[in-house]
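What follows is a single structure, written as structure tokens, with notes after it.
The values are calculated or read from the model by the stated rules, or taken from the named source; none is laboratory data. No experiment lies behind these values; they were computed from the predicted model shown. Cβ: placed from backbone, ideal geometry, glycine included. Neighbour counts: every protein chain shown.
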Amino acid sequence: MSKHFNFKQRLSLALLASSVFAGPALADGIKGAPAPFDKGGVKVALVGYISGGDFFRAFGNGAQRQAQALNIDLRVFPGKEDAALQRDQIQQAINLGVKAIIVDHGQPEALKDVVQQALDAGIKVVAFDVDLNNPKVIQVEQSDKDLAESVLNQAIKDNGKAFKAGYVYVPGFAPLDRRDAVWSSIKKANKGIVEKARWGTVAAPVPTSVAAQANAALRANPDITVVFAPWDEFARGTKLAVSELGVGKKLKIYSADVSTADIAEIREAGSPWVATAATNPAVVGATTIRAAALAVAGQSLPLRIAIKPVLITREELNQYDIKTVEELSAKLPSFGRSEAALAAWIPTAK
């Protein structure tokens, strides 16, 4: 979404999103559930910042399935990488009278005041991978520290403690900032790891935009042998550049997050993308819905919920002949579930 859209255009798009993506009103409640879930049709809004990429699509699908299991009337506002539009959408959700709002990523400084408006209106707020620095907001996050540490330890295992590195990063996004802290710590502890170049953008389409940057960085630094790309869209873009330059035999890419498309790219013959660490985005999406439901029902849950990731290597994917995220969940059970935000009355999503 262009940042040059005026307020009326953004508001019109927000209104369109709220109508086009609104789920049906559901009347059936859940037997034995606390109010208001005993009646059904509880309105919850999912307001995104980024909608492109397999991670966010899978996240949304997982949220939708869990919402259906809970008979939640889920209103989905798709992200367009536009902070002003996301603010407008949160305001629209407030005006719709939702019981809870899930904020999926975003720029904290642009959201804090409108999120406070939601809280002041008695609306529960769950934030995924955006730190709103508000003690009343339930924070759901991947354990980014574990995620970055596991894949970087694999990089050191594969390449030793001394190598020239490229790094893909955009500041201001909570998960990337947490992963960046680990990258800084790893470099400090291993002086032989030298960051030769840094690039990154969230301009859509992200892989194409990153590929152009990576191409220039790798041309200027032909001694780079390892790239840490802590988002799979970053890894895809870097892989495109590596393929264009024909340097895949001497360079390895380590990433975060995973999708079925990523698995295919990692398993390609001669692919430089060798490992990633990830949580199941569908499981994360479902967890945010469960957290919102527990909050609306007035039941206790921690204000910070971290979902542990799993390290996934090409060797493991080939060993178990894993081709899809569904097969990954079946063959690596720790990837396919989370014990977070569960209650006896909450049915699990199929």
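Just a few scattered comments:
- Any hit, segment 115-135, residues being modelled with pLDDT of 95 or more, touching a strand residue (DSSP E or B) at 6+ places or on another chain (Cβ under 6 Å) and among the polar types (S, T, N, Q): no
- Only one of Pro272, Pro281, Pro230, Pro309 that is of a type outside the set (Gly, Ala, Ser), touching a residue at least 12 places away in the same chain (Cβ under 8 Å) and touching an Asp or Glu at 6+ places or on another chain (Cβ under 6 Å): Pro309
- Annotation note: Cβ proximity below 6 Å between a residue of segment 154-182 that is over 19 Å from Val202 (Cβ atoms) and a residue that is in a helix (DSSP H, G or I) (sequence gap 6+ or interchain) occurs for Val182/Lys145; Val182/Ala148; Val182/Glu149.
- Gly285 passes every criterion in (1) surrounded by 23 or more Cβ atoms within 10 Å (Cβ to Cβ); (2) touching a Lys or Arg at 6+ places or on another chain (Cβ under 7 Å) apart from (2).
- All positions within segment 161-219 that are small (Gly, Ala, Ser) and farther than 18 Å from Pro272 by Cβ: Ala162, Gly172, Ala174, Ala181, Ser184, Ser185, Ala189, Gly192, Ala203, Ala204, Ser209
- Residues of segment 143-191 classified as out of contact with any Asp or Glu (no Cβ under 8 Å at 6 or more places or on another chain), of a type in the set (Val, Ile, Thr) and buried (at least 20 other Cβ atoms within 10 Å of the Cβ), total: 2
- Residue within segment 93-112 that is farther than 28 Å from Ala261 by Cα, free of Cβ contacts under 8 Å to residues at least 40 places away in the same chain and in contact with a strand residue (DSSP E or B) (Cβ under 7 Å, 6 or more places away or on another chain) present: yes
- Those helices (runs of 4 or more DSSP H) of segment 248-350 in which 2 or more residues are over 19 Å from the mean Cα position of the chain (by Cα) and not assigned by TED's automatic domain parsing to the domain that holds Val168 occupy 281-296, 314-319, 325-331.
- All positions within segment 207-235 that are touching a helix residue (DSSP H, G or I) at 6+ places or on another chain (Cβ under 7 Å) and under 13 Å from Glu195 (Cα atoms): Leu218, Ile224, Thr225, Val226, Val227, Phe228, Ala229
- Some residue of segment 54-62 being under 30 Å from Ala261 (Cβ atoms), acidic (Asp, Glu) and touching a Ser or Thr at 6+ places or on another chain (Cβ under 7 Å): yes
- Of everything in segment 192-236 that is closer than 13 Å to Gly166 by Cβ and of a type in the set (D, E, K, R), the residue that is surrounded by the most Cβ atoms within 10 Å (Cβ to Cβ) is Lys196.
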